[in-house]
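Structure record follows, encoded as structure tokens.
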Amino acid sequence: MNCRYMRIQGREDSWITKYPKGIFGMCWRMISDGIMSPEDERTFREIDDWFRKNLPEPDPCKAHEKVITFFKTETTDEMLKKIEPAVRILDRYNHPYDIVYTNHVGSIIYEDEWQVAVRVEDGKMI
């Protein structure tokens, strides 16, 4: 089965989208709640810095619109290697998450080489 999109998401909803938080939101929440060790926080901040430098941040995300993003599976090999330590951090703290593969993401409102953003309303992709 070939799926075009992938998302690592938690089981708790974002207060903005009412949709499950993505991996970055989960990790930032763990930092703000004081759950991560200083070493794990440094590791995650390095990951976040790499993504900020190497991936454009979608304008709807910058504007805090009700959107979620999915990685494109055809171009995510390097990104998955970079994000793997963040997944290991979630595992270390027994933070539940799901890796979702799909071809159905709703209406794409932003797209670049690596990712798409879709609008979310009442916790559902539209």
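Couple of notes before you dig in:
- Filter result for the condition that a residue is crowded, with 17+ Cβ neighbours inside 10 Å, closer than 28 Å to Ser107 by Cα and over 14 Å from the mean Cα position of the chain (by Cα), over Pro60, Pro20: Pro60
- In the set Lys66, Lys18, Lys53, only one residue is farther than 25 Å from Thr102 by Cα and at pLDDT below 95; that residue is Lys53.
- Filtering the range 72-94 to residues that are of a type outside the set (Asp, Glu), surrounded by fewer than 13 Cβ atoms within 10 Å (Cβ to Cβ) and at pLDDT 95 or above leaves Arg88, Arg92, Asn94.
- Residue within the range 37-57 that is over 15 Å from the mean Cα position of the chain (by Cα), of a type in the set (Ser, Thr, Tyr), surrounded by fewer than 16 Cβ atoms within 10 Å (Cβ to Cβ) and within 24 Å of Val120 (Cβ to Cβ) present: no
- Taking the numbered list (1) modelled with pLDDT of 90 or more; (2) touching a strand residue (DSSP E or B) at 6+ places or on another chain (Cβ under 6 Å) in turn, Gly106 passes all entries but (1).
- Flag if Thr69 is touching a residue at least 60 places away in the same chain (Cβ under 8 Å) and more than 26 Å from Trp15 (Cβ to Cβ): no
- Breaking point among (1) in contact with a helix residue (DSSP H, G or I) (Cβ under 9 Å, 6 or more places away or on another chain); (2) on the phi > 0 side of the Ramachandran plot, for Tyr101: (2)
The values are calculated or read from the model by the stated rules, or taken from the named source; none is laboratory data. Bear in mind the structure is a predicted one, so any value in this text is a computation, not a measurement. Virtual Cβ from ideal backbone geometry, glycine too; neighbours counted across all protein chains shown.
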